[in-house]
Amino acid sequence: MSEAGARERADAVPLIVSGRGMTLTPALKMLIAGKITRLARVVPRIVDARVVCVAEKFRRTARITLRARRGTFTSEATAGDLPAALDAAAETLKRQLREAKERRTVSKGRAARRGGTAVAGPARQDIVARRLVDKPMSVDEAQMQLDAGREQFLVFRNAQSGEVNVLYRRRAGGLPVTFRTGNALGLPLGDAVVDRCRADTLLQHVPDPARVVAELVRVTRPGGRIALLEFDQATLAIDHPDRPTTRLIQDEVTQAFAQGWAGRGLRRLLAAAGAADITVDALWVDSEHPFLRRLLAPSLHRLIARGDISASTADRWQQELDQAAAAGRLTAGAVVFVAAGNVR
């Protein structure tokens, strides 16, 4: 994974911008510098700022860290595109800065009424994980590794479930996170016991998505919020000169999923489960060429096996796809839907 860094200044704030797995264009750098400038208006005494942009499959992550005289503030957000991730991270950071400023103002006011001098307490710091352990391990092994290091939490892949998990360190010792493996169609939790629920690219793989969403609503407390992210496989679009073959392949990909149309049904599912204040956003996500080939390979094999297309047609189709990607003129991707609702 490549990393490119650039040092700039925004209204006298030293700014370090780096990209991992992506190239930061001048336009993106200007966008980042503008956001740091606006944040500096909230807390003018910023020592320096660091912005890290990470490209992953279908996602872009932005991490913003501001060092001010009264503490360090960090925010991280992930979205379908980098500008959206930067917006979300900047908004979260702005709230942190304003809350810190309000706490200082309240402290000064109380001290003035007592006739004393306000003493500012330590600024709240948000800690961001800096390690991802790729090797699968058990929760006990992850805890041992966390105990052996100095970081506040560890991101690792659970050997039992295959999922990415996080272990947090408490200042007084112990771990405030409980890991449970269960069936999404019947979660091993009581009613109204969690504050937030989130499911990413899950519903497209289950036989009864309505039951899964109903379970999320069941375990969430009134006033809590549920967020869902799902690709709609039927929106898969590939720019290719052989339209008949492309249509066959796209339809085959959709049919391969248990719920190929999951994305467009999120509002309906949340409403049926009783959620309120539902919002739905749709984002186009580019498919990188290597991932696209891996995604399409099983569908091509099935089409050939059924006799829907010949092996020579499939080879020619793939060669034209590869040539378009090599020339930088391939457009391919799908729409991801992000929906959220409140539990009443």
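The values are calculated or read from the model by the stated rules, or taken from the named source; none is laboratory data. Not measured: the values here are computed from a predicted model. Here Cβ is always computed from backbone atoms with ideal geometry, including for glycine, and neighbour counts include all displayed protein chains.
A search for C-beta distances below 6 Å between a residue of segment 231-251 that is more than 17 Å from Gln323 (Cβ to Cβ) and any residue that is among the β-branched types (Val, Ile, Thr), counting only pairs 6+ apart in sequence or on different chains, returns Phe231/Val336; Asp232/Val335; Gln233/Val253; Gln233/Thr254; Ala234/Thr254; Thr235/Val335; Leu236/Val253. Of the residues Ala258, Ala276, the single one that is in contact with a Lys or Arg (Cβ under 7 Å, 6 or more places away or on another chain), surrounded by fewer than 16 Cβ atoms within 10 Å (Cβ to Cβ), of a type in the set (A, V, I, L, M) and farther than 30 Å from Ala327 by Cα is Ala276. Quick one: in segment 281-315, of everything that is without any contact (Cβ under 8 Å) to a residue 60 or more places away in the chain and closer than 30 Å to Arg218 by Cβ, which residue is surrounded by the fewest Cβ atoms within 10 Å (Cβ to Cβ)? Checking each candidate, the answer is Asp281.
Every residue, every condition in (1) modelled with pLDDT of 60 or more; (2) outside the structural domain of Arg59 (by TED's automatic domain parsing); (3) of a type outside the set (D, E, K, R); (4) not in a helix (DSSP H, G or I), yes or no:
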residue: Leu86; (1), (2), (3), (4): yes, no, yes, no
residue: Ala89; (1), (2), (3), (4): yes, no, yes, no
residue: Glu99; (1), (2), (3), (4): yes, no, no, no
residue: Val106; (1), (2), (3), (4): yes, no, yes, no
residue: Ala123; (1), (2), (3), (4): no, yes, yes, yes
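Give the residues of segment 325-341 that are in contact with a strand residue (DSSP E or B) (Cβ under 9 Å, 6 or more places away or on another chain) and either in a helix (DSSP H, G or I) or surrounded by fewer than 18 Cβ atoms within 10 Å (Cβ to Cβ) (or both), sorted by residue number. Ala325, Thr331 - these are the residues of segment 325-341 that are in contact with a strand residue (DSSP E or B) (Cβ under 9 Å, 6 or more places away or on another chain) and either in a helix (DSSP H, G or I) or surrounded by fewer than 18 Cβ atoms within 10 Å (Cβ to Cβ) (or both). If the condition is being within 18 Å of Asp81 (Cα to Cα) and part of a loop (DSSP other than H, G, I, E, B), then segment 12-52 contributes Gly21, Met22, Thr23, Leu24, Thr25.
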